[in-house]
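The values are calculated or read from the model by the stated rules, or taken from the named source; none is laboratory data. Treat the numbers as computed from the prediction; the structure is a model and nothing was measured. Here the Cβ is made from the backbone with ideal geometry for all residues, glycine too, and neighbour counts use every protein chain on show. Just so you know, the surface numbers come from the protein's heavy atoms only, side chains and all, with ligands and any DNA or RNA stripped out. Shrake-Rupley method; radii C 1.70, N 1.55, O 1.52, S 1.80 Å.
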Amino acid sequence: MRQKVSSAAINFILGHLTRNQRLFPSSELSPEILDQLRDAKASVDIASYKNIFLRVVKITGNQNLGLYIGENIRPNALGILGYILENSPTISVALENLLRYHTLLSRSFFVQKSEGGRYVKISLSTTPPEKPPMDRYSNEVNLSAFVAILNDLTKETIRPEVVKFTHRRPENIEAYYPIFGQNLEFEAPSNLIYFSKEILGYPVCCPNIAMLEFFKMQADRILDEEEESYSIRVTRILSEMIHYKAPEVKDVAKRLEITPRTLQNRLKIEGTTFQELIISTKKQLACHYLKTKEINIQEVAERLGYSETSAFNRAFKQWTSFTPREFRKNRGS
């Protein structure tokens, strides 16, 4: 299945440029993409999404474009998902709805929420992980948009307590401070935003419960029509989980809110197994990382859960007929 991103997601990237500054002329886009962008229900191939974004960066010369776009995003730019958030009564309910419906934007976009101590922690990731420089731009858009939307929903100034990014620290990070504060960490294992738990009780400005139920019905119908296979859902979870623990079928089944036996049966119907998906996910991620020369082979092994580089070398050769070093030399970017 080719990864798609909603036309709303691209329109909020292009909106300020085309309306306010004319920095990105429509002649830069193919007629097919323009037709898709006019259709609020359409999806655009994610490769086209990346090309559009990188082209905008090149034209404008603005290395902080991700932050600029993200902090200007408002809920209504997200289509049905945005209307659901706007009509949720509190931030707690809005976050639960975000967890339930975030795939309306893109199947490659993944959101998690957890609570511990005095913090609520939000994880934002894409599957598969982006390569530089797109990793930075993607992180900046997603995380700054999240903060901007919280502020717009509550009409309050909400700032994170801590923010962690997976991309490398830019040379100048002063543009981050007004959005995220100064407690920042780069090259972290995951993109994480920590907020005080107090925000969960913040009321959303002017919700309408009847409209909330209406838009949730619309969203449920769309998700039912676009229901993806368990193989794809398991692969997405494995891609995020594999960095910090050895995935077990019980852990993934819990995330999917089904029993391990049911998950194994569903995968069997789709012609695969949990172990096969672990191997294919590790192979996909290994190839991705090996094409990024800034990550050495030992670190690649560690990210995939191998305590010994030699074990990773043997596994990778079994998957591809190449050693990691040979693959990097012959096929790496």
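Structural remarks
- For the criterion of being open to solvent by less than 60 Å² (accessible area, probe 1.4 Å), more than 23 Å from the chain's Cα centre (by Cα), closer than 14 Å to residue 85 by Cα and among the hydrophobic types (A, V, I, L, M, F, W, C), residue 200 fails.
- Condition check for residue 81: open to solvent by less than 10 Å² (accessible area, probe 1.4 Å) and part of a helix (DSSP H, G or I): yes
- Count of segment 162-188 residues, restricted to those that are in a loop (DSSP other than H, G, I, E, B), closer than 24 Å to residue 117 by Cβ and in contact (Cβ under 8 Å) with a residue 60 or more places away in the chain, is 0.
Residues checked against (1) modelled with pLDDT under 90; (2) open to solvent by less than 60 Å² (accessible area, probe 1.4 Å); (3) in a helix (DSSP H, G or I):
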{"site": "216", "(1), (2), (3)": "no, yes, yes"}
{"site": "247", "(1), (2), (3)": "yes, yes, no"}
{"site": "252", "(1), (2), (3)": "no, yes, yes"}
{"site": "261", "(1), (2), (3)": "no, no, yes"}
{"site": "285", "(1), (2), (3)": "yes, yes, yes"}
{"site": "298", "(1), (2), (3)": "no, no, yes"}
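- Within segment 218-233, considering residues that are in a helix (DSSP H, G or I) and within 30 Å of residue 275 (Cβ to Cβ), the one farthest from the chain's Cα centre (by Cα): 224
- Matching residues, segment 148-161, being touching a residue at least 24 places away in the same chain (Cβ under 8 Å) and either more than 30 Å from residue 295 (Cβ to Cβ) or surrounded by fewer than 23 Cβ atoms within 10 Å (Cβ to Cβ) (or both): 148, 149, 150, 152, 153, 154, 155, 156, 158, 161
- Within segment 58-67, the residues that satisfy the criterion of being open to solvent by less than 70 Å² (accessible area, probe 1.4 Å) and more than 18 Å from the chain's Cα centre (by Cα) are 59, 60, 61, 62, 64.
- Here residue 312 fulfils each of the conditions (1) open to solvent by 30 Å² or more (accessible area, probe 1.4 Å); (2) at pLDDT 85 or above; (3) more than 20 Å from residue 237 (Cβ to Cβ) apart from (1).
- Single condition residue 272 does not satisfy, out of (1) surrounded by 15 or more Cβ atoms within 10 Å (Cβ to Cβ); (2) in contact with a Phe, Trp or Tyr (Cβ under 7 Å, 6 or more places away or on another chain): (2)
- Complete set of residues in segment 62-84 that are modelled with pLDDT under 80 and out of contact with any Phe, Trp or Tyr (no Cβ under 9 Å at 6 or more places or on another chain): 79
- Among the conditions (1) at positive phi; (2) under 19 Å from the mean Cα position of the chain (by Cα), residue 188 misses just one, which is (1).
- Condition met for residue 108 (under 21 Å from residue 81 (Cα atoms), open to solvent by less than 40 Å² (accessible area, probe 1.4 Å) and in contact with a strand residue (DSSP E or B) (Cβ under 6 Å, 6 or more places away or on another chain)): yes
- All conditions in (1) surrounded by 15 or more Cβ atoms within 10 Å (Cβ to Cβ); (2) within 21 Å of residue 86 (Cα to Cα) hold for residue 166, with the sole exception of (2).
- Residue within segment 171-187 that is touching a helix residue (DSSP H, G or I) at 6+ places or on another chain (Cβ under 7 Å), open to solvent by 70 Å² or more (accessible area, probe 1.4 Å) and of a type outside the set (Lys, Arg) present: no
- Screening residue 120 against (1) under 21 Å from residue 98 (Cβ atoms); (2) open to solvent by 40 Å² or more (accessible area, probe 1.4 Å) leaves a single unmet condition, (2).
- Flag for residue 144 being at pLDDT 95 or above, part of a helix (DSSP H, G or I) and open to solvent by 10 Å² or more (accessible area, probe 1.4 Å): no
- Residue within segment 89-99 that is within 17 Å of residue 181 (Cβ to Cβ) and surrounded by fewer than 20 Cβ atoms within 10 Å (Cβ to Cβ) present: no
- Matching residues in segment 150-177 - criterion: being over 18 Å from the mean Cα position of the chain (by Cα) and under 18 Å from residue 194 (Cβ atoms): 151, 154, 156, 157, 158, 159, 160, 161, 162, 173, 176, 177
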